[in-house]
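All of the numbers you see were taken from the coordinates with simple rules; none came from a lab. Keep in mind it's a predicted model, so treat the numbers as computed, not measured. Neighbour counts are summed over all protein chains in view; Cβ atoms, including those assigned to glycine, are modelled from backbone coordinates with ideal geometry.
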Amino acid sequence: MARRKKIYEGKAKVLYEGPEPGTFVQYFKDDATAFNAEKKDVIEGKGVLNNRLSEFFMIGLENIGVPTHFLKRINMREQLIRQVEIIPLEVIVRNYAAGTMSKRLGLEEGTRLPRPIVEFCYKDDSLGDPLVAEEHIIAFNWATQQDLDDMVALALRVNDFMSGLMYGVGIKLVDFKIEIGRIWDNDFQRLVVADEISPDSCRLWDIETGQKLDKDVFRRDLGSLADAYTEVARRLGVLPSNATHMPKPTLIN
Ligand code: C5P
């Protein structure tokens, strides 16, 4: 079989050409990075967990009518996705202050925000993904005003869905990031949720104890990242309730 063509390799995922035009295969790596890749490690099993969790969230979103790039999971580490034109913005929704918002505005982490707040960062690693205003987005033609309105509406629907899902299993959705892509249907454009939704891109705190169950465990050296992600997957029923860890791969002779 011919080696498949690599389209793009990012910090946590690789995109390959898909089996049909307009599709890609998205491969989830075990690599963990933080602070614009200044901190790096390999967390065994992370890619498998994020593949399963992102599948679970994307299917749930599709089921309530929120369009996504997800088509189907292929195996432990790969999913088939629609090829989209990624809008070069990270769309962040925050329910509680944390991370860079806490630093920027001097708010104690965990402070409930008066309403969900949507922020945009320009996707450029060399600049450290700077926060930008709607003015920049429109002036520099990264998206139109109509796109922006649609992106905010999409992000808030994802927030409602994810907040409710997490609340049901005793987890507070503090904030998250999504990426949004365009799909062209002749001249008609649709915006869809793209990339991934996983504990790599959300802040998830246990409602009772405040324990962090997301990538901050890695960023802040708070323990085992694989255990935290396994706990999220177990609570959501994505893993059997008695699973303590994803099984290690075994060699087939
Ligand atoms: O770092 P900050 O507080 O701005 O992050 C807000 C949310 O966006 C967090 O859930 C974080 O995990 C996510 N994020 C991300 N990728 C980035 C920046 C932030 O997934 N490059």
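Remarks
- Dipole orientation for the chain: of the candidates F35, G47, Y96, G47 has the Cα lying most toward the positive pole (charges on Cβ; Lys, Arg +1; Asp, Glu -1).
- Around the amide H of K13, modelled in the peptide plane, lie the amide H atoms of K29, all under 5 Å away and 5 or more residues distant in sequence or on another chain.
- Dipole-positive endmost among N75, Y8, F56 within region 1-139 (Cβ charges, Cα centre): N75
- Entries in K6/K103; K40/K177; K5/K215; K72/K103; K72/K177 that, when Cα-Cα distance is taken, lie over 27 Å: K6/K103; K5/K215; K72/K103
- Based on every Cα atom in the chain, Rg and the maximum pairwise Cα distance Dmax equal 18.0, 59 Å.
- Net charge dipole, the chain: roughly 720 debye, given to the nearest 20, about the Cα centre with Cβ charges of +1 for Lys and Arg and -1 for Asp and Glu.
- In sequence order, region 179-189 has phi-based couplings of 10, 10, x, 9, 10, 9, 10, 6, 8, 8, 10 Hz under the Karplus curve 6.51 cos²θ - 1.76 cosθ + 1.60, θ = phi - 60°, and Gly or Pro positions carry x.
- By the Kirkwood approach, averaging reciprocal distances over each pair of separate Cα atoms, region 19-166 gets a hydrodynamic radius of 17.4 Å.
- Derived scalar couplings between HN and Hα for region 13-23 equal 9, 10, 10, 10, 4, x, x, 10, x, x, 10 Hz in order, rounded to whole Hz, by the Karplus curve 6.51 cos²θ - 1.76 cosθ + 1.60 (θ = phi - 60°), x for Gly and Pro.
- Ranked by how many other beta carbons lie within 10 Å on average, peptides 124-130, 58-64, 192-198 from highest: 192-198, 58-64, 124-130
- Under 5 Å between amide hydrogens, built in the peptide plane, is the criterion, and for T23 it picks out G18, Q83 among residues at least 5 positions away or on other chains.
- For region 144-223 and region 27-89, distance of Cα centres in Å: 12
- The orientation-averaged projected area of the convex hull spanned by the Cα atoms of region 148-231 comes to 6.4 nm².
- Region 85-206, relative contact order [Cα under 8 Å, separation at least 6], %: 29
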